[in-house]
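In what follows, a single structure is set out as structure tokens and then discussed.
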Amino acid sequence: MEISNYLQIKKKLPLNVNLLAVSKGFGIQEIKTISNEGQNDFGESRFQEAIEKKILLKDFKNIKWHFIGRVQSNKIRKIVQNFEYIHSVDSYEKLTKISNVAFEENKNPKIMLQVKLSNDPSKGGFNPKVLIEKWDQIKQFKSIKIKGLMTINPKGLSSNQNIKLFKKCRQLSDSLKLKDCSMGMSGDWEEAVKAGSTWLRVGSLIFGNRSYS
Ligand SMILES: *Cc1c(COP(=O)(O)O)cnc(C)c1O
């Protein structure tokens, strides 16, 4: 891992843009290294892997854990117990369950709703129309704090296509009066910043290549 990559990204970011360091596939040594540079937010997409690291890093009190992987219904309780942020809530049913479980667990997770803005069959998320239709109900949910929307662009888009798609997410967030947009990864983070991202989720550009995607 190259600490200089991390420092360069940090230097280029506007003040209102947060950097989530996606540490999936990497070990606690790498996390400690950039934690010591002041990085507090770490993203993981596999529950079991995340928990093992969280236990080993329990003395790093500044670390905030973000879940960014597919939310499986049968893992919701454990996710709610262990993560401050969930970026990848992709359906009304799961959101309902998260709210109920958060109430029972006396938690108040910060939530990003994943939206599906392209036809990429490998990516889930709320259909924007459904989200707007259900918004009045969603706003009433207890024990969660909906901060914004999240999206993942398909691979292989041009820079302009990326910006266009990210702007759709930004506009939808604005129309719902949500501040945050979790968008932009190693390959498209600069476009995401231009389009109004407030949370970049960057892994390989900071930590190097992973053995899985
Ligand atoms: C892995 C992952 C990232 C980071 O991807 P990189 O290309 O390594 O920056 C961001 N968001 C999600 C949802 C991911 O699963």
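Can you tell me how much longer the chain between residue 11 and residue 55 gets when fully stretched, taken as 0.36 nm per residue apart minus their C-alpha distance, in nm with one decimal?
Extending this stretch completely gives an extra 12.8 nm.
Sorted from fewest to most neighbouring beta carbons within 10 Å, what does the list 169, 181 look like? If you can, show how the numbers build up before the last one.
Numbers: 169 26, 181 29.
So the ranking, lowest neighbour count to highest, is 169, 181.
Identify which of 162, 36, 108 has the largest mean-square fluctuation in a Gaussian network model of the chain, with springs joining Cα atoms closer than 10 Å.
Maximum fluctuation in the GNM of the chain, among the listed residues, is at 36.
Under 10 Å, Cα contacts only: if you run a Gaussian network model on the chain, which one of 30, 84, 191 comes out with the highest mean-square fluctuation?
Highest fluctuation of the listed residues: 30.
Would you mind ranking 174, 188, 90 so that the residue whose beta carbon has the fewest other beta carbons within 10 Å leads the list?
On the way: 174 13, 188 23, 90 18.
Listing 174, 188, 90 from fewest to most nearby Cβ atoms yields 174, 90, 188.
Kindly provide the helix-only [θ] at 222 nm of the chain, computed as the sum of -39,500 (n - 2.57) over DSSP H runs of four or more divided by all residues, to the nearest 500 deg cm²/dmol?
Working: 9 runs with 90 residues, N = 213.
One gets -12500 deg cm²/dmol as the mean residue ellipticity at 222 nm.
Which of the pairs 54/139; 12/54; 24/54 have their Cα atoms more than 23 Å apart in this structure? Intermediate values should be presented prior to the final figure.
On the way: 54/139 31 Å; 12/54 29 Å; 24/54 12 Å.
In this structure, 54/139; 12/54 lie more than 23 Å apart at Cα.
Taking the Cα centre of the range 3-207 as origin, work out the dipole magnitude from +1 charges on Lys and Arg Cβ and -1 charges on Asp and Glu Cβ, in debye rounded to 20. Can you show the working numbers first?
On the way: 36 positive and 20 negative charges, 58 e Å.
It works out to roughly 280 debye.
Anything over 18 Å Cα to Cα? Flag those among 32/64; 145/194; 10/168, in the order listed. Before the final figure, lay out each step's value.
Details: 32/64 13 Å; 145/194 26 Å; 10/168 25 Å.
Beyond 18 Å: 145/194; 10/168.
Please give the net charge around residue 5, taking every other residue with its beta carbon less than 13 angstrom from that of residue 5, where Lys and Arg add +1 and Asp and Glu add -1. Write out the running numbers ahead of the final one.
On the way: positive: 10, 11, 12; negative: 2, 30, 37.
Result for the local shell: 0.
Bear in mind that the values in this text are calculations on the coordinates, not laboratory data. Keep in mind that this is a model prediction, so the values were computed, not measured. We place every Cβ from the backbone using ideal geometry, glycine too, and count neighbours over all the protein chains shown.
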